[in-house]
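Down below is the structure, laid out as structure tokens.
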Amino acid sequence: MPFYPVQEYGPLMKGMLIGGLGIVHVFTAQFAIGGGLLMIYFQWLAKTGREPLARRFLEGFFKSIVLLSFVFGALTGVAMWFTSIQVGARTIGVMIDAFHWLWATEWLFFAVEVIAGYAFYRTMHRLSDGARMTLLIAYAVAAWMSLFWINGILSFQLTPGSWPEDASVFSGFFNASMWPALFFRTLTSMATAALVACVVINLIPDLSREEKRRLIHRTAHFLAPMLLMPLFGAWFLGVMPPDSRSWILGGSTVMTLFLGIAIGSSLLIGSYAALGLFKGKLTINTATAALLCALGLGATAGAEFVREGARKPFTIRKALYSNSIAPDEVIALRGSGAVANDPWPLRDAASYPNDQVRHGRKVYRALCSVCHTEAGANGLTHLAGTWSPDQRRMNFAKLQMTKPFMPPFAGNAEDVEALAQYVAWLSANRPKKWPVRQNPEELRRIQGWLDEAGVLPATDEQRIAAGRN
């Protein structure tokens, strides 16, 4: 097992940091992708004379896309790569090794997107309608193709197909969840672009209320495909692994809550579009448009949280657990110990009271820190601080039965004891002195619990049996 230098963020959980960046980046990217399609539609309206204000809207809307997508979107994209490498270097490494040519292809399409967009921005006032349409089609196709490649790689993490067995790029990329996720993201991108466009329309100066209403109702056509979202959402749920589906449908309260946020926000947007825009022929002012955009961001946040959480206990299903340990490495680590080959020293090692607590800190860093903090978000002291000493030992040893969306404990009995002492020490507010516990009988019991739990994710039968005991 390789060890990587890790960055910790105090009370902020690593997953929260990358998740927050990811939500903002995905929302911005959706805007850019759907915006390309929306601009083609408005260029067609301008070219055919169906909407006299289409050209004015198009130029204003595209400037917004340039500011958001090319600048803010690019910055958050770089931040995503930088943070991902710090948080999950091995996961990113596996995905780059498996799909390096596909990443290169995606970057090529992104380059085409930037070139076409910049060319349109610099020359749009001097181009004919046909040339404008050509550049916009190039921009929109390149943006959507960038989504196509990234979506397949991200979907691979949940449903890698036969890739773990045959290492085939195509079986990994064209996986079971790739197509429903692609169609769902395309519809989401169209809806996001429509919501942002409503804000832009309200900010265009010197337009009358009636002119704004007319443009907004043109834009609202891109909200109509939301009717298909339940179909693609159900398709996505249907192809998920059964245990992953169970987490979001009640097995994990937090994931079920975020699924509800995604569905509820989407329903509110769709209901407003259907009843207010299409049936009631209402307009949308700046405040309402901003509120609908906020709901769209909430829907994106909920959907991204569910997509990430549904992979547990894996970060790449069947290949890497959420702590970046491969399933076949757990057996070896049960013998050698979780941190026997960890070359990285502890920061402020002298502040720990003894070697056992220092050992526990390294075990926490290797096995737990990607999803837990010490005392902040999802903190170990909050989750296990009130357990008795034997509860800590047994629950850590039988980790995948304690919480079935967690990976098996990848260490030996001494690691379990060290981690238990580390959590106890933290819960006691880090006293300067702390006794060393090396009771042979306790270690034998821990080893028994490790053997009982095994080295694989818990089965339904094991979880039921554990609940009876």
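We did not get these values from a lab; they are worked out from the coordinates using the rules stated. From a predicted model like this one, the values you see are computed outputs, not experimental measurements. Reconstructed Cβ throughout: ideal geometry from the backbone, glycine too, with neighbour counts over all protein chains shown.
The table for this structure:
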{"quantity": "Förster-model FRET efficiency, 45 Å R0, Ser271 and Gln7, C-beta, rounded to 0.05", "calculated": "0.60"}
{"quantity": "Interchain or long-range residues, amide H under 5 Å from Leu282's placed H", "calculated": "Leu277"}
{"quantity": "Average Cα contact separation per residue, the chain, under 8 Å, 6 or more apart, as relative contact order %", "calculated": "17 percent"}
{"quantity": "Dipole of region 329-468 [Lys/Arg +1, Asp/Glu -1 at C-beta], most positive-end residue of Pro457, Ala332, Val416", "calculated": "Val416"}
{"quantity": "In Hz, Karplus ³J(HN,Hα) per residue of region 428-442 (6.51, -1.76, 1.60; θ = phi - 60°; x = Gly, Pro)", "calculated": "8, 6, 6, x, 5, 10, 8, x, 8, 10, 9, 7, x, 5, 5"}
{"quantity": "Prolate/oblate/rounded call for region 367-458, Cα gyration tensor, a/c under 1.5 rounded", "calculated": "oblate"}
{"quantity": "R0 of 60 Å, Cβ-Cβ distance Val71-Glu441: FRET efficiency to nearest 0.05", "calculated": "0.45"}
{"quantity": "Range of Cα positions in region 149-207 per principal axis (Å), largest first", "calculated": "62, 14, 13"}
{"quantity": "Normalised per residue, the volume of the convex hull around the Cα set of region 252-391 (Å³)", "calculated": "181 Å³"}
{"quantity": "For the chain: lysine pairs under 19 Å (alpha-carbon distance), excluding those fewer than 8 apart on one chain", "calculated": "10"}
{"quantity": "Order by protection proxy (mean Cβ within 10 Å, highest first), peptides 402-411, 431-440, 92-101, 143-152", "calculated": "402-411, 143-152, 92-101, 431-440"}
{"quantity": "Ratio of the Cα radius of gyration of the chain to 2.2 N^0.38 Å, where N counts its residues", "calculated": "1.13"}
{"quantity": "Most positive-pole-ward Cα, His221, Tyr118, Phe183, against dipole of the chain from beta carbon charges", "calculated": "His221"}
{"quantity": "Computed E for Phe174/Leu108 - FRET, C-beta separation, R0 30 angstrom, nearest 0.05", "calculated": "0.95"}
{"quantity": "Rel. contact order, % - alpha carbon contacts under 8 angstrom, at least six apart, region 157-282", "calculated": "25 percent"}
{"quantity": "Cβ crowding within 10 Å averaged over residues, with 134-142, 107-115 ranked highest first", "calculated": "134-142, 107-115"}
{"quantity": "Debye, to nearest 20: dipole size of the chain, +1 on Lys, Arg Cβ, -1 on Asp, Glu Cβ", "calculated": "1280 debye"}
{"quantity": "Cβ charges +1 (Lys, Arg) and -1 (Asp, Glu), total dipole of region 310-431, debye", "calculated": "400 debye"}
{"quantity": "Residue-averaged [θ]222 nm for the chain, counting only DSSP H segments that reach four residues, each worth -39500 (n - 2.57)", "calculated": "-21000 deg cm²/dmol"}
{"quantity": "14 Å beta-carbon shell around Phe31, net charge (K/R +1, D/E -1)", "calculated": "+1"}
{"quantity": "Cβ charges +1 (Lys, Arg) and -1 (Asp, Glu), total dipole of region 372-449, debye", "calculated": "160 debye"}
{"quantity": "Potential extension, His125-Val254 segment - 0.36 nm per residue separation minus Cα distance", "calculated": "41.4 nm"}
{"quantity": "Residues whose placed amide H lies under 5 Å from that of Leu320, excluding near-sequence neighbours", "calculated": "Thr315"}
{"quantity": "Summed side-chain charge close to Trp144 - residues other than Trp144 whose Cβ falls under 14 Å, Lys, Arg +1, Asp, Glu -1", "calculated": "-1"}
{"quantity": "Relative contact order of region 1-153, defined on C-alpha pairs under 8 angstrom at six or more residues apart (%)", "calculated": "32 percent"}
{"quantity": "Charge context of Ser427, other residues only, Cβ under 12 angstrom, K/R +1, D/E -1", "calculated": "+1"}
{"quantity": "Positive-end residue, the chain charge dipole about Cα centroid, Cβ charges, pick of Leu21, Pro2, Val66", "calculated": "Val66"}
